[in-house]
1. Restricting attention to segment 98-119, which residues are hydroxyl-bearing (Ser, Thr, Tyr) and either at positive phi or modelled with pLDDT of 85 or more (or both)?
2. Taking the residues in segment 175-192 that are open to solvent by 30 Å² or more (accessible area, probe 1.4 Å) and outside any loop (DSSP other than H, G, I, E, B) as candidates, determine which candidate is modelled with the lowest pLDDT.
3. Looking at Ser105, is it under 30 Å from Lys70 (Cβ atoms) and in contact with a helix residue (DSSP H, G or I) (Cβ under 8 Å, 6 or more places away or on another chain)?
4. Under 6 Å between Cβ atoms, at least 6 apart or on separate chains: pull out the pairs that start in segment 115-140 with a residue that is basic (Lys, Arg) and end on any residue that is open to solvent by 10 Å² or more (accessible area, probe 1.4 Å) and not in a loop (DSSP other than H, G, I, E, B).
5. Anything in segment 147-160 that is open to solvent by less than 70 Å² (accessible area, probe 1.4 Å), without any contact (Cβ under 8 Å) to a residue 24 or more places away in the chain and in a helix (DSSP H, G or I)? List them, or say none.
Amino acid sequence: MDFSFLDHDLVVYHVPIALHLYLWTIPFGWNLITAGYIEQSIQGLVVSTLGLLFMGKLLEPIWGSKEFLKFIFVINFLTSVCVFITAIALYGVTGQENYLYMPISGFHGVLAGFLVGIKQMVPDQELPRLKIKAKWLPSLMLLFSIAISFFTPESATYLSTLIFGTYMGWIYLRYLQKKPESKHRGDPNEDFAFSTFFPEFLRPIIDLIASKFHRNLCGKSEAFIDTLGYSLGSAPLPGSDPIEASRRREKGARALEERLAAESLIAAGKKSEELQINGTNNV
């Protein structure tokens, strides 16, 4: 093939950097696994710790400890791989070295995946004080992050991780997560479709685009399911049993209500102690 049309200086400039990137990444491939567990600031560490404790206490009893840890590992790894590929692609398109050497790490990709898990478990649960249903948490988080990215130059260090963490979380829960009670994978319910992340007026367009990707990626598996006696038109797909989905969501809603009730009791206890102390002091 003839590459004489390429600018010689551009080729000479790009090749050493790309070669250096591969030589640096391949021997240290574990960075794709460990980057998600390293925070670059105290604020990030505090947010990640609180998010893990709060959302973990809700999701871990429903998924089980083994599945919960598996979710963290898989989402963290897939998110890191996607961010790495995106950095290479952006460098190839723009030629800007900062995409290659920008330090990107943190647990926020997994936290974004946790929000998707909450959306799946208790979509219609309204959060107190915020008056927002749980199903909108991932979408609002991404919208807020994208809006902030227009005003902060550091957005590139977290925005891609949040986007891919959300998407990988949905991919895993939608197609890959095992269901011990049904021995099938994923959650094909319409309430958890990709279009549910978007406003109502955009869903027909998103459904049209998503159905093409779904047909290309999952067409063979659905054909295999049909041969086993399932029908897309007349019978529900494995894992889409409405009774099973309702049971899972009731369990999630109960866990969330217990968590909120416990926090309310703690807050009420602290308030009563403060009143007693104030009363004693006044006396």
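The values are calculated or read from the model by the stated rules, or taken from the named source; none is laboratory data. Source: prediction; values computed, not measured. Positions of Cβ are generated from backbone atoms using ideal geometry, with glycine treated the same way; all protein chains shown enter the neighbour counts. For the accessible areas, the whole protein counts, side chains as well, though only heavy atoms, and no ligand, DNA or RNA atoms are used. Shrake-Rupley method; radii C 1.70, N 1.55, O 1.52, S 1.80 Å.
1. Initially, segment 98-119 is screened for residues hydroxyl-bearing (Ser, Thr, Tyr), giving 99, 101, 105.
Passing the criteria: only Ser105.
2. Here the residue is His184.
3. Values: under 30 Å from Lys70 (Cβ atoms): yes; in contact with a helix residue (DSSP H, G or I) (Cβ under 8 Å, 6 or more places away or on another chain): yes.
Yes: the conditions hold for Ser105.
4. Pairs found: Lys119/Lys135; Lys133/Glu126.
5. Of segment 147-160, the ones open to solvent by less than 70 Å² (accessible area, probe 1.4 Å) are 147-149, 152, 155-160.
Those left that are additionally without any contact (Cβ under 8 Å) to a residue 24 or more places away in the chain: 147-149, 152, 155, 159.
Listed by number, the residues that qualify are Ala147, Ile148, Ser149, Ser155, Leu159.
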